[in-house]
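Notes to accompany the following structure.
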Amino acid sequence: MAGDAPVVVVANPTAGRGKAGRLIGVADSMLRDLRIEHEIRVAGSAVEMESACRDAAVGGAEIVAVIGGDGTVSCAANGLAGTGAALAVLPAGTGSDFAAAIGARPFRAAVRLLADPKTVAVDVVRVRAGAVERCFVNVAGAGFDSEVNETANEMTVNLGGTGTYVAALVKTLSRFTPAHYDLIIDGQPLTVDAMLVVVGSGRSYGGGMKVLPEASLVDGVLDVCIVEALSKGAFLRAFPKVFMGRHTSHPKVRMMRATSVTITANRGMQVYADGEHVGPLPASFEVVPGALQVVVGPNAKGIS
């Protein structure tokens with residue numbers, strides 16, 4: 001690794017229902033064996049994670065490695081975007097879709113990437129929702145999927161990333177009704193009754209559901225998926241296709257690309273980005289090309 005700045009490892013010990021905390025010692029031991037100079041820091045909240053990562057970058061760290069899931073990574077990205085320090089992901093969450101996109105899975109393989117790190121500049125997405133403005137790196141949604149996300153976060157039984165999401169989906173669908181959306185996509189208005197609207201630069205969320213199968217983290221554009229209003233039965237029949245990215249051919253699914261998107265709905269929808277709550281609609285999304293350096297593995301499919 002060029003230069004003499006250390007690797008700073010920042011862990012969210014509660015990520016992955018405590019899995020991240022149990023992996024701190026594993027990372028420390030592996031980095032010692034690899035003879036990589038490093039420091040371990042612990043962040044107990046989203047605010048602390050963002051601040052710790054920013055402080056590490058300002059302090060001269062060349063690489064800031066975070067132990068956690070997609071929400072942890074999103075917080076880290078807010079601290080590191082534009083600093084020049086590279087983000088390394090040591091996955092320990094329930095989904096870890098971003099880690100999969102950059103080839104940083106499983107955990108031990110991700111740690112070994114730090115012995116000879118290769119970095120790529122990826123896009124981030126700036127979102128404004130309510131009084132909140134922040135960035136995310138993977139996928140955001142408003143509508144049915146955001147309500148599923150909220151339900152999944154409240155679940156006390158760990159069924160794994162995909163299992164938890166599917167269980168939350170079934171529970172949410174029983175009470176959900178489509179909403180009326182007004183969107184502005186690269187300046188062009190669009191009105192639609194829909195189940196959900198998804199925006200992002202990553203391909204998958206919820207532990208491997210390829211909702212934006214053609215998305216790229218490095219192409220400077222946002223991918224958009226709109227699922228128009230469906231009956232509950234039709235939605236359940238179409239849903240399995242998302243795991244292979246084959247839902248895009250469904251007549252009620254619209255796939256679009258843009259650099260900016262604004263979403264308004266006729267009722268109080270919440271925005272979730274990278275699995276974390278952002279704020280209520282209306283919301284705006286804007287891509288910021290190449291704003292974040294990340295350490296990537298040899299099978300980083302999300303940067304093609």
Which condition does residue 275 not pass, out of (1) at pLDDT 95 or above; (2) of a type outside the set (A, V, I, L, M); (3) out of contact with any Pro (no Cβ under 7 Å at 6 or more places or on another chain), if it passes all the others?
-> (1)
Within region 282-304, identify whether any single residue is under 20 Å from residue 71 (Cβ atoms), modelled with pLDDT under 95 and not assigned by TED's automatic domain parsing to the domain that holds residue 62, and answer yes or no.
-> yes
Going through region 255-286 in order, the residues found to be of a type outside the set (D, E, K, R), outside any loop (DSSP other than H, G, I, E, B) and either in contact with a helix residue (DSSP H, G or I) (Cβ under 6 Å, 6 or more places away or on another chain) or buried (at least 22 other Cβ atoms within 10 Å of the Cβ) (or both) are 255, 261, 263, 270, 271, 272, 273, 278, 283, 285
Say whether the condition of being of a type outside the set (Phe, Trp, Tyr), surrounded by 15 or more Cβ atoms within 10 Å (Cβ to Cβ) and over 15 Å from residue 199 (Cβ atoms) is met by at least one residue in region 132-150.
-> yes
Kindly indicate whether residue 172 is in contact with an Asp or Glu (Cβ under 8 Å, 6 or more places away or on another chain) and either farther than 30 Å from residue 304 by Cα or acidic (Asp, Glu) (or both).
-> yes
When region 116-154 is examined, which residues are found to be among the small types (Gly, Ala, Ser) and either over 29 Å from residue 170 (Cα atoms) or not in a strand (DSSP E or B) (or both)?
-> 121, 130, 131, 146, 152
In region 92-109, is there at least one residue being of a type in the set (Phe, Trp, Tyr), surrounded by 16 or more Cβ atoms within 10 Å (Cβ to Cβ) and either farther than 16 Å from residue 292 by Cβ or more than 15 Å from the chain's Cα centre (by Cα) (or both)?
-> yes
Is it fair to say residue 191 is in contact with an Asp or Glu (Cβ under 7 Å, 6 or more places away or on another chain) and surrounded by fewer than 21 Cβ atoms within 10 Å (Cβ to Cβ)?
-> yes
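The values are calculated or read from the model by the stated rules, or taken from the named source; none is laboratory data. Predicted model, so just to flag it, every value in this text is computed and none were measured. Note that each Cβ is placed from the backbone with ideal geometry, even for glycine, and that neighbours are counted across all protein chains shown.
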